[in-house]
1. Of everything in region 179-195, what is within 20 Å of Tyr46 (Cβ to Cβ) and outside any strand (DSSP E or B)? Give them in sequence order.
2. Being in a strand (DSSP E or B) and either surrounded by fewer than 20 Cβ atoms within 10 Å (Cβ to Cβ) or in contact with a His (Cβ under 7 Å, 6 or more places away or on another chain) (or both) is the filter here, so list the residues in region 78-100 that pass it.
3. Of the conditions (1) touching a Phe, Trp or Tyr at 6+ places or on another chain (Cβ under 7 Å); (2) charged (D, E, K, R); (3) free of Cβ contacts under 8 Å to residues at least 24 places away in the same chain, Arg258 fails just one. Which one is it?
4. Could you run through region 46-64 and say how many residues are part of a loop (DSSP other than H, G, I, E, B), closer than 26 Å to Val248 by Cα and hydrophobic (A, V, I, L, M, F, W, C)?
5. Could you tell me whether Glu200 is outside any strand (DSSP E or B), out of contact with any helix residue (DSSP H, G or I) (no Cβ under 6 Å at 6 or more places or on another chain) and surrounded by fewer than 18 Cβ atoms within 10 Å (Cβ to Cβ)?
6. If we scan region 172-187, do we find a residue that is of a type in the set (S, T, N, Q) and crowded, with 20+ Cβ neighbours inside 10 Å?
7. What are the residues in region 71-94 that are at pLDDT 95 or above and more than 16 Å from the chain's Cα centre (by Cα), if any?
8. Does Leu118 count as aliphatic (A, V, I, L, M), closer than 25 Å to Glu66 by Cβ and more than 19 Å from the chain's Cα centre (by Cα)?
Amino acid sequence: MKQHAMIRAALVATLVTALTQGVTARAQDLTDVNEIVKRANHAAYYQGKDGKAVVKMTIRDAQGRERQRELTILRLNTDDRDEGQKFYVYLHAPADVRGTVFMVHKHIGRDDDRWLYLPGLDVVRRIAASDERTSFVGSHFFYEDVSGRGLDEDDHELVETTANFYVVKNTPKDPRQVEFDSYKVYVHKGTFLPVKIEYEKGGKVYRTAQALEVQEIQGYQTVTRAKMEDINIGGETVMEYTTVTYEVGLPDNIFTERFLRNAPREYLR
């Protein structure tokens, strides 16, 4: 346990050092919480016109047992207002989930459209809004974590400003749709990347997302290693982005139901 604690401390120290170097001198900190949230959302989900990431996922349960997932995430912005967006997630391994596809069409002001293709059953399922906060392919991440939560779904409050971070508390407008009471996001001032998210219920943090590594890729500050921990079920999931590419030139037509069964192989290599 001591060794794990030392490794975790070293990772956090490395991340904080890297991010602190990115903070530039500012005449004045931002005070408009909506502007902070807007910039953080852009940094987390909308950098570049499109993007591709090859991801290795390690799922560790409460007993320390591990499972692996390998997947490719394709992302296309459909406007320049950080509103319309499409995601295509293809699972390569292990063999029992190979060919599984998760696809999202994000919308502002109404529920996103989400599909899941299960090759073993050769069936396409629509994911209801009520299922967005359920496990993504057996991991500690939720479907909503992969593609993002709508900004208009929460009320935002700037609760603290530190030397390097804006701390924003987010409270759901419709608490019946989620399992948390609120969540805090630690937004790095220099990059506007959300580097830590704490979900609270009954005054206690029960679920935490953390950025463990950030790299500059094609001029964009990018989270390349992230972790989700859940106290209620125990264990954690680490996502390592082994390859990230922006401005790929993805065509819009691959984000359609036709390509759920017939994956666009040339963009998944």
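The values are calculated or read from the model by the stated rules, or taken from the named source; none is laboratory data. In this text, all values refer to a predicted model and were calculated from it rather than measured experimentally. Every residue, glycine among them, receives a Cβ derived from its backbone with ideal geometry; neighbour counts consider all protein chains shown.
1. Listed by number, the residues that qualify are Lys189, Gly190, Thr191, Phe192, Leu193.
2. Pass one, region 78-100, residues in a strand (DSSP E or B): 85-93.
Matches in region 78-100: Lys86, His92, Ala93.
3. Among (1) touching a Phe, Trp or Tyr at 6+ places or on another chain (Cβ under 7 Å); (2) charged (D, E, K, R); (3) free of Cβ contacts under 8 Å to residues at least 24 places away in the same chain, Arg258 violates only (1).
4. Step one: list which residues in region 46-64 are part of a loop (DSSP other than H, G, I, E, B), which gives 46-49, 61-64.
With closer than 26 Å to Val248 by Cα added as a condition, the list becomes 46-49.
Going one step further and asking which of them are hydrophobic (A, V, I, L, M, F, W, C), we end up with none.
Total meeting the criteria: 0.
5. no
6. Checking region 172-187: not a single residue is of a type in the set (S, T, N, Q) and crowded, with 20+ Cβ neighbours inside 10 Å.
7. Leu91, His92, Ala93, Pro94
8. Values: aliphatic (A, V, I, L, M): yes; closer than 25 Å to Glu66 by Cβ: yes; more than 19 Å from the chain's Cα centre (by Cα): yes.
Considered against the rule, which asks whether it is aliphatic (A, V, I, L, M), closer than 25 Å to Glu66 by Cβ and more than 19 Å from the chain's Cα centre (by Cα), Leu118 comes out as yes.
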